[in-house]
Every structure is written in structure tokens, then in C-alpha cells.
1. Any chance you could check the Cα centroid distance between the stretch 190-213 and the stretch 120-173 for me, in angstrom?
2. Considering only DSSP states other than H, G, I, E and B, which chymotrypsin sites (Phe, Trp or Tyr not before Pro) in the stretch 4-87 qualify as loop sites with at most 12 other Cβ atoms within 10 Å?
3. Compute the accessible area per residue over the stretch 18-60, keeping the other protein chains in place, probe 1.4 Å, unit Å².
4. Rounded to the nearest percent, how much of the accessible area of the stretch 57-188 (1.4 Å probe, protein heavy atoms only) is carbon and sulfur?
5. So how much accessible area does Glu217 have, in Å² to the nearest 10, using a 1.4 Å probe?
6. What size of dipole, in debye to the nearest 20, comes out for the chain about its Cα centre when the only charges are +1 on Lys and Arg C-beta atoms and -1 on Asp and Glu C-beta atoms?
7. Show the residues, 5+ positions off or on another chain, whose built amide H is closer than 5 Å to the amide H of Leu226.
8. For the stretch 64-75, take each phi angle, set θ = phi - 60°, evaluate the Karplus expression 6.51 cos²θ - 1.76 cosθ + 1.60, and give the result in whole Hz per residue in order, putting x for glycine and proline.
Amino acid sequence: HFIPFCIIISPSVWHKNYPVAQGNRQSPIDIVPHQALHDPSLGPVVLNYDQCTSMNITNNGHSVVVQFDDSDDRSVIQGGPLDNPYRLKQFHFHWGEKGCHGSEHTVAGNSYASELHLVHWNAVKYKTFGEAATAPDGLAVLGIFLETGDDHRWLHVITDALYMVKFKVSTTVNCFNPKCLLPSSLHYWTYLGSLTTPPLHESVIWIVLREPIIVSEKQLGKFRMLLFTGEEEDQRIRMENNFRPPQPLKGRKVRSSI
Ligand SMILES: NS(O)(O)c1ccc(OCc2cn(-c3ccccc3)nn2)cc1
Ligand SMILES: [Zn+2]
């Protein structure tokens, strides 16, 4: 008889191994714009990504991740709701199997085709990412929605490299500046939340940009040809729908900038 090696654990049962899945500050959430509190004290988010710190692109079995050298403060996010600079560690994507489902956060109940997460950690207060990942102010994740339309001229650098990481492998990426993946407006919503995948630590200050970036269906399609499984496994399970649905707000306030 056949035992499937790669068993996809669905979000609805994560709480069995990670009870925090039913905690009070879980992510993602549905953002309702007219219920967000406009906070004039919220300054602009500032991204200093101009140095070459990208290292590799990896299929880690549940997403595709571009990792950065976070040994110093060359690439940081600061301002907005943040009390100090947070170091860029990696960015990754969440997507669906078709059309307009695939983002993790939703806006007034509407989801986007995909969502990009730029993950940063508070290296002022904590010594390592792992330590920051368990602290309430340890991480800052910048969320950017992807909507289908024309080709995104810079996303090609990533999507053209995806065939090299079809299985769970890694390949180098040099000097990729994620600033080229930002929309024109940095208007954002911010709230206190969590990692959206296990271990689901409630350690994330979320900064979600209102304006999506536009990518083509063809570029998105290249994410969908990635596999959850490794080359040696005989099951070919396509990597798609790697998004967690919105979680209860539990009384949290979402603030908006501008
Ligand atoms: N989707 S999301 O942006 O919310 C998001 C962002 C980052 C995530 O990291 C997983 C992770 C790694 N570690 C770790 C712990 C100790 C040492 C090293 C790494 N802990 N959690 C997961 C989800
Ligand atoms: Zn993510």
C-alpha cells in the first residue's frame, strides 16, 4: 500500500500542533478600510534597500523565498508604526491556483491573486531572527498585494528563475533590490498580528500597502508550476493555494496612514 510522504497539513488543523493558531492576534485578517482608524501620528514607512544583500532564492516546500544577508543594517525598514529599524531577512509569496484568490489578507472581503511578504526583524532589541520571531515586537512584515494585468517588468527577475527551483532546491540571486516590487503609493494599514504559517508566533507588526502591484497571468502561472515535493519524491504536488484564510480580529484595531 502507498503512504503519501508529502502530507499537506491544512490550516484548519494547525491548532492541534500550534494552539496559538486560536490566539488573540492571528494573521491574516480581513481589512475593512472605512473601519480602520486614521492615525495622523503614523509617519511614512521608509525602506532602505539600496545595497546588494540578496543571496539566494529557495523553494522551501511551502513557498518560494528570496533570502538576504541580515548580518548588518544595510537593508532595513523603519518609520511608520516601527520604533526602530527592522532588518530585511527574506521575502516570499502566497498565491492560489487560479484567478483572484491567493492573497492572505483581504480588503473588505475581496482577495487578490497573490501577496508578497517582506520579512524584517528587530535587530536592535534581539540577537537573532529566531529570538525576534517569538517576541511581540520582534518582526515587521510588509505585505504587498499582486493583481493580474500587464507584465511586471522587474518581477521577471524572480519568475524567470523559478524553473531552477521547481523542486525543493536553492539557487543564487545577486543584487536584487526589492524596492522594484513596490507600488507607487506607500499608503498602508497596520495592526498587530502573527506569522501566517506555523509556528504562527504572535510576533509581527503588519504593514499592508493599500495599492497592489500589477503582474501578468503568465508571471503568476510560473509560481503555480512550483512543486511542494522534492525531485526524489514520486508525487508531483503543485505548489498552489499556500495561503491561510483571514482570522478573527478579536477586538484589534487596524490603523491607516495618510
Ligand atoms: N507568512 S509570514 O510573512 O507571516 C512568515 C514569515 C516568516 C516565517 O518564518 C518561519 C519561521 C522561521 N523561524 C525560525 C525560528 C528559529 C530560528 C530560525 C528561524 N521561526 N519561524 C513564517 C511566516
Ligand atoms: Zn507570508
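The values are calculated or read from the model by the stated rules, or taken from the named source; none is laboratory data. This is a predicted model, so every value here is computed, not measured. Methodologically, a virtual Cβ is constructed for each residue, glycine included, from the backbone with ideal geometry; neighbour enumeration extends over all protein chains shown. In case anyone asks, the SASA skips ligands and DNA or RNA and just uses the protein heavy atoms, side chains included. Shrake-Rupley method; radii C 1.70, N 1.55, O 1.52, S 1.80 Å.
1. Each part's Cα centre sits 13 Å from the other's.
2. Values: sites: Phe5, Trp14, Tyr49, Phe68, Tyr86; in loops: Phe5, Tyr49.
Qualifying residues, ordered by number: Phe5.
3. On the way: 2210 Å² over 43 residues.
The answer is 51 Å² per residue.
4. On the way: 2710 of 5250 Å².
About 52 percent, which is the carbon plus sulfur part of the accessible surface.
5. Accessible surface of Glu217 is approximately 90 Å².
6. Details: 23 positive and 25 negative charges, 87 e Å.
Here the chain has a charge dipole of around 420 debye.
7. Amide H neighbours of Leu226: Met239.
8. 10, 10, 9, 9, 10, 6, 10, 7, 8, 8, 5, 10
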